[in-house]
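First the structure, in the form of structure tokens, and then the observations on it.
The values are calculated or read from the model by the stated rules, or taken from the named source; none is laboratory data. The structure displayed is predicted, hence computed values, not measured ones. Cβ atoms come from the backbone with ideal geometry, glycine included; neighbour counts cover every protein chain shown.
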Amino acid sequence: MLDKLIIEFDKGLRTLAAPAISGRPHPDAHIEESEMGDAERRHALGLMRVNHCGEVCAQALYQGQALTARSDAAREALKGAAQEEVEHLAWTEARIRELGGRPSVFNPLWYAGSLAIGVGAGLLGDKWNLGFLEETEHQVGAHLDSHLTSLPAQDARSRAIVGQMRDDELKHADMAHELGAARLPLPVRALMKLSSRVMTGASYRA
Ligand SMILES: [Fe+2]
Ligand SMILES: [Fe+2]
């Protein structure tokens, strides 16, 4: 267990400090940069910073959950999805830089919190662990949909990234469901929405 924790801690440091690498081509690789006004660019930057922060949290959640998952099937599925989350991290990080910004200063804080939540969810057993994952992915998917509405219409590059991420997150939700996720009680789902609102509000700004 201690070895595992050290490995996860090392992964955490790398998530926060080193640039992530994508196996798949970036979804916006073939799309030309568009003309944007300053306010539009800043808005797109804020949204992409929120998405990047969400992906940092996804890393921590998946790590925490994989660490404590009981069945091999659950652990392997979590690892596979986590690999796609690394790609999301790479895409959003690159886009933030292109828009002239930096990742959120709050990332280490959310990372630590999410790791604790992931470990906690894993300790409750696989069906709740997967239930938490399914609900998270659904909420993130809905959130990304709202960004597709809110992003500047001409920012095709950010849109391509967010669209692909949304498709991946819904696939992760289905995977968790098929592995036997339990439906979380309503107050838990509401609490998750509330905490993500706090996180997104902060990382949009800084
Ligand atoms: Fe993701
Ligand atoms: Fe996901």
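Residue count for the stretch 109-131, restricted to those that are over 12 Å from Ala58 (Cα atoms) and touching a helix residue (DSSP H, G or I) at 6+ places or on another chain (Cβ under 6 Å): 7.
Considering each residue of the stretch 117-129, count those that are at pLDDT 85 or above, under 19 Å from Pro187 (Cβ atoms), part of a helix (DSSP H, G or I) and not basic (Lys, Arg), and give that number. Residues that pass the stated criteria total 2. Applying the condition of being of a type in the set (S, T, N, Q) and more than 18 Å from Glu93 (Cα to Cα) to the stretch 154-206 and asking which residue is farthest from ligand 1 (Cβ to nearest atom) yields Gln154.
Just a yes or no: is a residue in the stretch 83-94 surrounded by fewer than 19 Cβ atoms within 10 Å (Cβ to Cβ) and within 13 Å of ligand 2 (Cβ to nearest atom)? Yes, the stretch 83-94 contains at least one residue that is surrounded by fewer than 19 Cβ atoms within 10 Å (Cβ to Cβ) and within 13 Å of ligand 2 (Cβ to nearest atom).
Would you check which residues across the stretch 91-102 are over 13 Å from Arg42 (Cα atoms) and more than 11 Å from ligand 1 (Cβ to nearest atom) and list them? Even if it seems obvious, please write down each step before you answer.
So in the stretch 91-102, the residues over 13 Å from Arg42 (Cα atoms) come out as 91-94.
Glu93, Ala94 - these are the residues of the stretch 91-102 that are over 13 Å from Arg42 (Cα atoms) and more than 11 Å from ligand 1 (Cβ to nearest atom).
Residue pairs, Cβ under 6 Å, 6 or more apart or interchain, first in the stretch 164-180 and over 17 Å from Ala121 (Cβ atoms), second part of a loop (DSSP other than H, G, I, E, B). List them. Qualifying pairs under 6 Å: Gln164/Pro27.
Filter the stretch 71-85 down to residues that are among the acidic types (Asp, Glu) and within 16 Å of ligand 1 (Cβ to nearest atom) and give me whichever is farthest from the chain's Cα centre (by Cα).
Taking the stretch 71-85 first, the residues among the acidic types (Asp, Glu) are 72, 76, 84-85.
Narrowing further to those that are within 16 Å of ligand 1 (Cβ to nearest atom): 84-85.
Numbers: Glu84: 10, Glu85: 6 Å.
Step by step, filter the stretch 71-85, then rank; the result is Glu84.
Within the stretch 181-206, being surrounded by fewer than 14 Cβ atoms within 10 Å (Cβ to Cβ) and either within 16 Å of ligand 2 (Cβ to nearest atom) or not in a helix (DSSP H, G or I) (or both) holds for Arg183, Pro185, Ala206.
Of all the listed residues (Arg97, Arg49, Arg70, Arg102), the sole one being under 18 Å from Ala20 (Cα atoms), out of contact with any strand residue (DSSP E or B) (no Cβ under 9 Å at 6 or more places or on another chain), part of a loop (DSSP other than H, G, I, E, B) and not acidic (Asp, Glu) is Arg102. Residue under question is Thr200, and the condition is that it be modelled with pLDDT under 90, out of contact with any strand residue (DSSP E or B) (no Cβ under 8 Å at 6 or more places or on another chain) and not aliphatic (A, V, I, L, M); does it hold? Judged against the criteria, Thr200 is a match.
Take the residues in the stretch 39-57 that are of a type in the set (A, V, I, L, M) and away from ligand 1 (no atom under 11 Å from the Cβ), then tell me which one is nearest to Gly118 (Cα to Cα).
Start the filter on the stretch 39-57 by keeping residues that are of a type in the set (A, V, I, L, M), which leaves 39, 44-45, 47-48, 50, 56.
From what is left, the residues that are away from ligand 1 (no atom under 11 Å from the Cβ) are 39, 44-45, 47-48, 50.
Numbers: Ala39: 36, Ala44: 29, Leu45: 28, Leu47: 24, Met48: 23, Val50: 20 Å.
Once the filter is applied, the top-ranked residue is Val50.
Restricting the search to the stretch 40-64, which residues are over 15 Å from the mean Cα position of the chain (by Cα) and aliphatic (A, V, I, L, M)?
In the first step, residues of the stretch 40-64 are kept if they are over 15 Å from the mean Cα position of the chain (by Cα); the result is 40-46.
Hits for the stretch 40-64 are Ala44, Leu45.
Filter the stretch 133-159 down to residues that are charged (D, E, K, R) and in a helix (DSSP H, G or I) and give me whichever is surrounded by the most Cβ atoms within 10 Å (Cβ to Cβ). By that ranking, first place goes to Arg157.
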